[in-house]
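Since the structure comes first, as structure tokens, the remarks are kept for the end.
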Amino acid sequence: VIGGGGGDSDDDGDAPASVGVGDGAPRPDRVLALALARRPLFPGMVHSLGLGREAADALQAERDAGRPYVALFLRKKTADDDAAAELFSPADLDEALEDVHGVGAFAQVHNIADAPEGGAQALLLVHRRVDAATVVDAGPPPRLGVAHWPREAWVDEDENGEGRANPRPPTRSGKARKRRAVKDEASRGDLVRALSNEIVAAIRELVQLNPLYREHMQYFTQRVDIADPFKLADFAASLATAPGEDLQAALEERDVVARLRRSLELVSRERELSKLQQEISQQVETKLSSQQRTFLLNEQLKTIKKELGVETDDKEALVKKYRTRVDALEGTTTADDEETAEQKWAGGVIPAIARAAIEEEL
């Protein structure tokens, strides 16, 4: 057993409770809270989170006491880099809830490891959303009172046949009215299915464009039920590298259709970004390949010219030049009598053919 009392019971929120996952996890009404600097965390996902030293020590103490749970809230003033998560400092407890967004995540701490730079890395499993209620303990470490979101379950009324006014075959005029209604507005179930299919298609295309998402796809196929639109929307949003405010809007959305729309927008934006990244990468590779090919062909041309005697490198040409002048001064030969490479091969066609073939390649 590890910490966390049921939120609906009269027991202390710090009392031990049985272990659960997701909606079966404990629901303590007060919990240690951390402020996130850049982006929120989504339920159902396993996250690696950077921690400041004080936050790491506080979380480790909670784990040692049998309470491995934490509430995570995104600051309203997000940071540009991956700054470490920190505790609410005692100086700003009065304004703590004003500095962070009201909806956050309730997570279980599975592991804490020290980082070389002095902080730590925590491995978290996020169970559900929570609302920040009030500061109940100034600490240190400070604790917040939280309200856990109820279990989110999608029931497709279209498949269950609920809400149908007349189970009998409609009359001709009824059929006409039904056709007009379908044209005017799709049912809620149709919207959920259509948005879910679009999200799945966008995720698959994203994995093909960017190999970095392959591990996410493996997790998706093993752990995420695509028939559950709530979990699908959370998974899609967790893939995005969008600004924290956009991700927070998806986290706070309660309506399933609206949440799916936000997640589809986020993953579609990520897909377009990956397409652009792939295009830039291909352009760079093409340019480098062209430059490398030109360089290699130039080197081949120099080698062939050197072997045929049409051209020599700078060192050989300089040595030959001074040797010819020395021989001319000693009377052995004259500079004018030295046969040039072009004159040497004047009666042949091999250098011209080789040079023309390589220059054509260039």
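The values are calculated or read from the model by the stated rules, or taken from the named source; none is laboratory data. Remember, predicted model here, so these are calculated numbers, not experimental data. A quick note on method: Cβ atoms are made from the backbone with ideal geometry, for glycine too, and the neighbour counts reach across all protein chains shown. Please note that ligands, DNA and RNA were not included when accessible areas were found on the heavy atoms of the full protein model with its side chains. Shrake-Rupley method; radii C 1.70, N 1.55, O 1.52, S 1.80 Å.
List of remarks:
- Greater than 32 Å apart at Cα, pairs in LYS77/LYS275; LYS275/LYS302; LYS287/LYS320; LYS77/LYS231: LYS275/LYS302; LYS287/LYS320
- Cα centroid of the range 275-310 to Cα centroid of the range 31-53, whole Å: 48 Å
- Surface composition of the range 225-315: carbon and sulfur make up 52 percent of the accessible area, probe 1.4 Å.
- Taking other residues whose beta carbon is less than 9 angstrom from the beta carbon of LEU206, and scoring Lys, Arg as +1 and Asp, Glu as -1, yields 0.
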